[in-house]
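What follows is a set of notes on a single structure, which appears directly below.
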Amino acid sequence: MGQLKRFLAEQLGDDVRYVPSSYDVVGSRGGAVAIVEFPEGAPDHVKLAVAEAIMRINKHVRVVLEKASERKGVFRLREYRVIAGSGSTEVIHVEHGVKLKLDPTKVYFSPREATERLRVARQVRPGEFVMVMFAGVGPYALMIAAVQPGVKGVVAIELNPLAYEYMVENVRLNKVEGKVIPVLGDVKVAARGWYGMCDRVVMPLPKGAHMFLDRAFQCLKPEGGVIHFYHWAPEGDLYSEAFALLEREAVLRGMRVKLLDARIVSEYAPRVYKVCIDARVLPE
Ligand SMILES: C[S@@+](CC[C@H](N)C(=O)[O-])C[C@H]1O[C@@H](n2cnc3c(N)ncnc32)[C@H](O)[C@@H]1O
């Protein structure tokens, strides 16, 4: 039984079945927001009890939000409903020492992906020039600069103007000006400025990254490099489609791909997973 369920078992009786087994906390000691997803039909008194319990367990949580829609649109945002607390939803989240200022109601951010970002960042070698497409408020780019201070540069492209503004501020907060280069724009267009310059391209947009593979390949140096490609896949066949998409793009460009790693990052929906393929791209 999860911590919340144990905490509320006596108070809620049978209704404890509506208590979620986990929730997200975005922010830090200075102030945080908790985000909860309830099962269909959860009554209001359960939601309130859960929110109050979360605030008692996490003293720094000032607002508890309920997820009120799926993620939508190109900015990958969802709607939220306040269940308890008040005040600003802008926070400073700290992830493995990286400071990220953001408002989770206005920009995409998932604290659950911290381990994945660290995994990617640890692969970066000194002297590499890296592109992070779909950069959000900068968590991948900033993690790379923190874990590999010898990185030559990290260009980070984001379309949501508010996420870009937070990224610019986060570059300052983490003192990596000149090392992390935030760019506001559509990857389709903005990537052109870096054709042939990158050793590594990170593509964290499972909904549609494949439509930008042409740009990723064009950004790699002529001798090739590494692509971290995110995709959604069904439980029964996690990697074939993602790898086939990479291979198809490689063939079109007279290159080949070598699989370095393939892994599940998180569960997106029942029996649908967000997966990542790390692939080395080489001239044929
Ligand atoms: C799944 S989120 C990932 C954000 C960030 N990398 C992270 O891990 O928190 C995808 C991001 O890509 C941005 N985006 C979507 N389409 C884009 C495009 N064509 N060019 C640049 N950014 C785009 C969205 O605004 C969103 O912030």
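The values are calculated or read from the model by the stated rules, or taken from the named source; none is laboratory data. Predicted model, so just to flag it, every value in this text is computed and none were measured. Don't worry about glycine lacking a Cβ; one is built from the backbone with ideal geometry, like all the others, and counts go over all protein chains shown. Note: areas computed on protein heavy atoms with side chains; ligands, DNA, RNA excluded. Shrake-Rupley method; radii C 1.70, N 1.55, O 1.52, S 1.80 Å.
Take every DSSP beta bridge whose two residues both sit in the stretch 3-89; close to 70 percent of them are antiparallel.
Highest GNM mean-square fluctuation among Tyr268, Tyr140, Tyr230, for the chain modelled with Cα contacts below 10 Å: Tyr268.
If the chain between Asp15 and His96 were fully stretched, how many nm would it gain, using 0.36 nm times the residue separation less the Cα-Cα distance?
Residue separation times 0.36 nm, minus the Cα-Cα distance, leaves 25.5 nm.
Working from label points 7 Å from Cα in the Cα-to-Cβ sense, the Glu79 to Ile264 distance is 3.1 nm.
Ordered by 1.4 Å accessible area with all protein chains kept, Ser240, Ser28 run largest first as Ser240, Ser28. With all pairs of different C-alpha atoms in the average, the Kirkwood value for the hydrodynamic radius of the chain is 20.0 Å.
In the context of the full set of protein chains, the chain has a per residue accessible area of 46 Å² (1.4 Å probe).
Rolling a 1.4 Å probe over the protein heavy atoms leaves Met197 with an accessible area of roughly 90 Å². Determine the percent antiparallel among the DSSP beta bridges restricted to the chain, to the nearest 5. Of the beta bridges lying entirely in the chain, close to 65 percent run antiparallel.
For the Cα trace of the stretch 165-284, dividing Rg by the Kirkwood Rh returns an Rg/Rh value of 1.00. Rolling a 1.4 Å probe over the protein heavy atoms of the chain, with every protein chain left in place, gives an accessible area that is 52 percent carbon and sulfur. Among the GluC sites (Glu not before Pro) within the stretch 215-259, those in coil by DSSP and having at most 16 neighbouring Cβ atoms inside 10 Å are Glu223, Glu235. Every helix of 4 or more DSSP H residues in the chain counts as -39500 (n - 2.57), and over all residues that averages to -8000 deg cm²/dmol at 222 nm.
The three principal axes of the Cα atoms in the stretch 3-89 give end-to-end lengths of 41, 30, 18 Å, sorted in falling order.
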